[in-house]
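Quick notes on the structure that follows.
The values are calculated or read from the model by the stated rules, or taken from the named source; none is laboratory data. Because the structure is a prediction, the values reported are computed rather than measured. Here the Cβ positions follow ideal geometry from the backbone for every residue, glycine too, while neighbour counts run over all protein chains shown. Just the protein is used for accessible areas: all its heavy atoms, side chains included, with ligands, DNA and RNA removed. Shrake-Rupley method; radii C 1.70, N 1.55, O 1.52, S 1.80 Å.
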Amino acid sequence: MRIDVVTIFPDYLAPLELSLLGKARDAGIVDFHIHDLRSFTSNNHHAVDDTPYGGGAGMVMLPEIWGLALDPLMVEDTELIILTPAGERFDQRMAQRLSGSSHLVFACGRYEGIDDRVRQHYSTDRYSARKITVHEVSIGDYVLGGGEVASLVMIEAITRLLPGVLGNPDSLCEESHNESGYLEYPNFTKPAIWRDIAVPEILLSGNHAEIAKWRANMAKNRGNDNL
Ligand code: 6GU
C-alpha cells in the first residue's frame, strides 16, 4: 500500500517512522510519502489560505495550491481522504475497508478547512473513471487544529490490518471493536494476586467454555461508565 499525506506541518507526521508503522515501512508493506503543501505556493508570503467568500471567521485553504499538490498523486485506483470534523465518522469498519486499498492520499486541512471545490473537482467523472474516489472523514465529535493527528490515527488503524504488520494475526480476530461491535474483555497475567487483588477465579479453572461465557459477559459491560 502506498500512502501520501499532504500537510503544512510535515513534522507532525514524524511518528510514521516509529514502532509498528516504521517496521511496516522497513518491511516494504507500506510506502509513506509526506508532502509539504507550502512547497506548492508561488506567492511571496507562501500563503495557503484566504478569507472566506460570504464573510465569517477564520480562513479557508486555497484550491489552487491544493490542486497543484494533489494532481500528481491522483493516479488510477486512489482513495482521496479529506480530513474535516464535518466528515463521515471513521471507525473499525472503515479502517477494514481502506486496508484493502492500494493507494491512500490524506489531505490535511487546517483552519476552517479546504475550499469545497477541491472535493468537487476530484469527485467528477473524469476521476471516478480512473477509480479515484473522494471521502470526507472525521475521527470523532470534537474539533482538532487540523487533520494531521486525525490522519495519523487513521493510518495506524489501517496499516496494522495489513498482512505481515502485526506479529500475531490472532490479535486481529479477537480484538476490541471487532465485527460484533463488542469491546474486549479485561485481561490478567501473573501474579495471581497483586496488591491484594486476585485474578477472577474462573480464569484459573481451565474450563474453556465457562471462561468464554465469562469473557463475553464482561466484554458487553465494559466501557459503560461514560466518564
Ligand atoms: Cl479529520 N479534523 C479536524 N480539524 N478536527 C477533527 C477531525 C478532523 N476529526 C475530528 N475532529
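Placing unit charges on each Cβ (+1 for Lys and Arg, -1 for Asp and Glu) gives the chain a dipole about its Cα centre, and among GLY206, GLY223, LEU73 the Cα reaching farthest toward its positive end belongs to GLY206. Here the chain is scanned for trypsin sites (Lys or Arg not before Pro) in DSSP loops (not H, G, I, E, B) that have at most 14 other Cβ atoms within 10 Å, and the longest stretch holding none of them is 1-129. Net charge of the neighbourhood of ALA47, taken over other residues with C-beta under 15 Å away and scored Lys/Arg +1, Asp/Glu -1, is -4. Per residue, the accessible area of the chain comes to 60 Å² when a 1.4 Å probe rolls over the protein heavy atoms. Residue separation of HIS33 and GLU64 scaled by 0.36 nm, minus their Cα-Cα distance, works out to 9.1 nm of gained length.
Loop-located chymotrypsin sites (Phe, Trp or Tyr not before Pro) in region 1-106 (DSSP state other than H, G, I, E, B) with a sparse environment of at most 14 neighbouring Cβ atoms within 10 Å: TYR53.
Please compute the length gained on full extension between ARG97 and GLU184, using 0.36 nm multiplied by the number of residues separating them and subtracting their Cα-Cα distance. Working shown, then result.
Numbers: separation 87, 0.36 × 87 = 31.32 nm, distance 2.12 nm.
Fully extending the segment from ARG97 to GLU184 adds 29.2 nm.
Of the solvent-accessible surface of region 1-124, computed with a 1.4 Å probe over protein heavy atoms with every protein chain present, carbon and sulfur atoms account for 50 percent.
How high is the relative contact order of region 1-140, given as a whole-number percent (alpha carbon pairs under 8 Å, six or more residues apart)? Let's see the in-between values first.
Values: 225 pairs, mean separation 42.8, N = 140.
Reported relative contact order: 31 percent.
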